[in-house]
Amino acid sequence: MQHRLFAKLAAQLGRQQASLEWKWMNDAIASDTSKNSLQDIVRRRCLGEPLQYILGTQPFGPLNLLVRPPVLIPRPETEHWVIKLSEAIRPTAQSPFSLLDIGTGSGCIPLLLCHLWPQGSVHTHGVDISPHAIRLANDNALLAGIPPPSDGDYLKRRNTFGTTPANFLAPTFPEEAMQIKPPFHIITSNPPYIPWKEFLELPRSVSEYEDPKALFGGPSGLEFYEAIARFVGRKDMMTSDGVVALEVGRGQAKAVEELIRTTGRVHHTEIWTDPWGIERTVIGRM
Amino acid sequence: MFRLLRPFVHRHPPLYRRAHVVAANGNQAPANTLQNIEKEHERLLRVVERRITERQSMYSQLTDQMSTPDDIAKLRQLKESEPLQNAWDDWLKAREAFNETIELLTDSDPSMRALATEEYTTLTEQLNKSVTETLPQLLVPPSETAHLGALMELKSGVGGSESSLFLADMLRMYQRLANASRWKAQVVTQNDLETGGIKDAIMEIKGEGVYDSLRWESGVHRVQRVPATEASGRVHTSTVAVVVLPLMEETDGKNDDLFSMDEVKVEVMRARGAGGQHVNKTESAVRLTHIPSGITVSMQDERSQHQNKRRAFQVLRSRLMDRKIMREIEERRATRLNLVRTADRSEKIRTYNYAQDRVTDHRIGLTLKNLTGIMEGDDLQEVLDALKKNHDEEVMEDMLNSA
Ligand SMILES: C[S@@+](CC[C@H](N)C(=O)[O-])C[C@H]1O[C@@H](n2cnc3c(N)ncnc32)[C@H](O)[C@@H]1O
């Protein structure tokens, strides 16, 4: 029985990947985090559903995050640059930073930073157009023990994470989103960046399970970067020592770097490569 | 034979009235017991006595006002050697009581003789314990690795799939031992064989004294049995190689005294195409290479890169720590004619013979006729204790040789 199940999985994923996922499936069942039977799990996996959705979690740095369709599953590339960012910038509780995360999804970026930076050193805010994402991000904040912002004195000494449902591309942003109070010290974003023609070539586990609105970055894939550049270029959106950290798709780094430079406000830029050698993150400093 | 260094007071006043010694008509042995013990442990006693003399002279050097910085240092040393002084006092007391008892063994009063015989037995035990346990333990410096847990690496060797099957049995044996000892055991990584069994595995075991208990498990373990897969009933011999490393705490790849970050190359294992939003397959395997030593560690059992990296760094640190410990033992050995051997990890240390239901440890020539009990983890402790005792004796021997 077990043998047949495993053989099924191996036929789908290849033996090596199958034996790893087999172990994770069994671990999840043993630790009770998955309420499904092994049979169900394997069946769904063989239909192409991402393992993370089936198991309901994805570790991200030292955090263990909840994942739920159709909210984008946090990627290892993102984990990598966020940890690097947490080491490159060290805010302190003496002068706490405020951070805006655009298209927060599961909340992975601000939550990990809240977890890694000293208590009271950062107040983060995530915006997302998807109500699923907002709900998931709030659930994850609860799980990670990161409180929402409040005027309470006690919470001022903690790192905080708040969410706002909002359309970042709307001309009324951020004025309509009352909780969002510029200027920000840091803007992070892993915005949808897949261009139209690449969208059609995505593996099914991505295109059929993850929210297209989380992936599709307009015909060129750069639509959100253009909006972010306009946002950064506006007066009073960022502090004079602000930092922008943007994840980009393969081959987009130079164009995005150029976009944020043309704001006239970003003076130093850097491009970070991911562990696979692909230019993945554009860092801009005011 | 041994000078009394401090006048001592008998805590218990002598129990018996003195009687005159009746002509010795029994056997001579009781009177010789003490001499024999002292003869057998002569070197030990001499070393202890010298330590005690030094202690006395240090004591007398303390200034009256306790005013110099030297005094503080001396006080600390005195404090540290206090247990040795107490043990020595106990030894001297027991010795004196023993000599008194000897005379009473031949007392004319039978009830007195009976009492004395009892006392004789107790004191003999006490004296023996002093020279075989209490004093040696106080002389040997405390283990520097006493607080460390262990990482146990098992690799299948000769014997193909039978070796992998036995590896699975051994893994279970150590897990059960850990449970019984209230240690926390967790398999960090394991590579299963398609045909059943485990090709290799790393297990983390946390708890006080784990490394010191398990370190002598390093070496080649040999099994002789009829494999479950063997139809003809022929006995096969196969091996599993075990390396026990000191468990180092996890650090997220920060510099420390064992290596610096720029000596470590971190690589991801598989290609990922465009990566990022384009791909949601879990690819978390990482490989570290410590360039100066050439040590590589691959880890893929965890679901995130971060976790795999932490694990891999932990294994790397443990391997480097192991090398450091081995190097130090080698250095000491070179300078002091040390007896303590660095375990030669290619040496066959133990045989598990199923047909004869026995386990033999070749290093100390210990054979236990209870293979099942050992494989169930219950009786393995007996082997570990014997190995630890053997090690302690070697260390003691060294102490005496170099003293
Ligand atoms: C690629 S996902 C990134 C999610 C998460 N930050 C991460 O790194 O895993 C992009 C996110 O942007 C959100 N989004 C898409 N269009 C948006 C818009 N116009 N305004 C705000 N958020 C939007 C999507 O719902 C999605 O959660």
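Structural remarks
- For region B:41-48, 3J(HN,Hα) per residue [Karplus equation, 6.51 cos²θ - 1.76 cosθ + 1.60, θ = phi - 60°, Hz, x = Gly/Pro]: 10, 4, 5, 4, 5, 5, 5, 5
- The protein assembly as shown - share of DSSP beta bridges that are antiparallel (%, nearest 5): 70
- Accessible area in the full protein assembly, largest first, 1.4 Å probe, for A:Cys46, A:Cys114: A:Cys46, A:Cys114
- Per the Kirkwood formula applied to alpha carbons, region A:58-152 shows a radius of gyration over Rh ratio, Rg over Rh, of 0.94.
- Cα centroid separation - region A:260-286 against region A:79-151, whole Å: 20
- Computed with a 1.4 angstrom probe on protein heavy atoms, the B-A interface buries about 3000 square angstrom of accessible area in total.
- Computed with a 1.4 Å probe over protein heavy atoms only, the accessible surface of the protein assembly as shown comes to 49 Å² per residue.
- Mean residue ellipticity at 222 nm, helices only, chain B: -14500 deg cm²/dmol; runs of at least 4 DSSP H residues each add -39,500 (n - 2.57), and the sum is divided by the number of residues.
- Selection of trypsin sites (Lys or Arg not before Pro), region A:193-257, meeting DSSP coil and at most 15 other Cβ within 10 Å: A:Arg234, A:Lys235
- Cα centroid separation - region A:159-190 against region A:34-50, whole Å: 37
- Over 34 Å [Cα-Cα, chain A], rounded percent: 22
- Across the alpha-carbon set of region A:1-125, the Rg to Rh ratio works out to 1.10, Rh being the Kirkwood radius.
- Delta accessible area of at least 50 Å² on complex formation, residues of region B:301-326, 1.4 Å probe, chain isolated as reference: B:Asp301, B:Arg303, B:Gln305, B:His306
- GluC sites (Glu not before Pro) restricted to region B:100-179 and DSSP loop, no more than 13 other C-beta within 10 Å: B:Glu144
- Calculated SAXS-style log₁₀ I(q)/I(0) at q = 0.13 Å⁻¹ - region A:62-109, Debye, Cα scatterers: -0.38
- Carbon and sulfur %, accessible surface of chain B computed with the full protein complex present, 1.4 Å: 50
- Whole-number percent relative contact order across chain A, with pairs defined as alpha carbons under 8 Å at least 6 apart: 14
- For chain B, the Rg and Dmax computed from alpha carbons only, in angstrom: 28.4, 102
- Exposure ranking of B:Val243, A:Val256 by accessible area [1.4 Å probe, largest first]: B:Val243, A:Val256
- Accessible surface for A:Leu55 stands near 10 Å², nearest 10, in the context of the full protein assembly shown (1.4 Å probe).
- Local charge for B:Asp357 was computed over the other residues whose Cβ lies under 11 Å away, with Lys and Arg +1 and Asp and Glu -1, and equals +3.
- Ranked from largest, the principal axis spans of the Cα set of the protein assembly as shown equal 117, 83, 46 Å.
- Structural descriptor for region A:60-169: relative contact order 29 percent, calculated from alpha carbon pairs under 8 angstrom and at least 6 residues apart.
- In sequence order, calculated HN-Hα J values of region B:186-201 (Karplus, 6.51, -1.76, 1.60; Hz; x Gly/Pro): 8, 6, 7, 7, 8, 10, 7, 9, 4, 7, x, x, 10, 6, 7, 7
- Restricting attention to region B:63-211, the count of lysine pairs at 8 or more positions apart or across chains with alpha carbons under 30 Å apart stands at 10.
- Computed over protein heavy atoms with a 1.4 angstrom probe, the accessible surface ordering of B:Arg50, B:Arg176, largest first, is B:Arg50, B:Arg176.
- Proximal aspartates and glutamates to A:Lys213, defined as alpha-carbon separation beneath 20 angstrom and excluding residues fewer than eight positions away on the same chain: A:Glu49, A:Glu77, A:Asp101, A:Asp128, A:Glu198, A:Glu201, A:Glu223, A:Glu226, A:Glu247
- Taking θ as phi - 60° and the Karplus parameters 6.51, -1.76 and 1.60, the scalar couplings of region A:91-97 work out to x, 10, 5, 5, 9, x, 8 Hz in sequence order, x denoting glycine and proline.
The values are calculated or read from the model by the stated rules, or taken from the named source; none is laboratory data. This is a predicted model, so every value here is computed, not measured. Every residue, glycine as well, gets a Cβ built from its backbone with ideal geometry; the counts of neighbours run over all protein chains shown. In case anyone asks, the SASA skips ligands and DNA or RNA and just uses the protein heavy atoms, side chains included. Shrake-Rupley method; radii C 1.70, N 1.55, O 1.52, S 1.80 Å.
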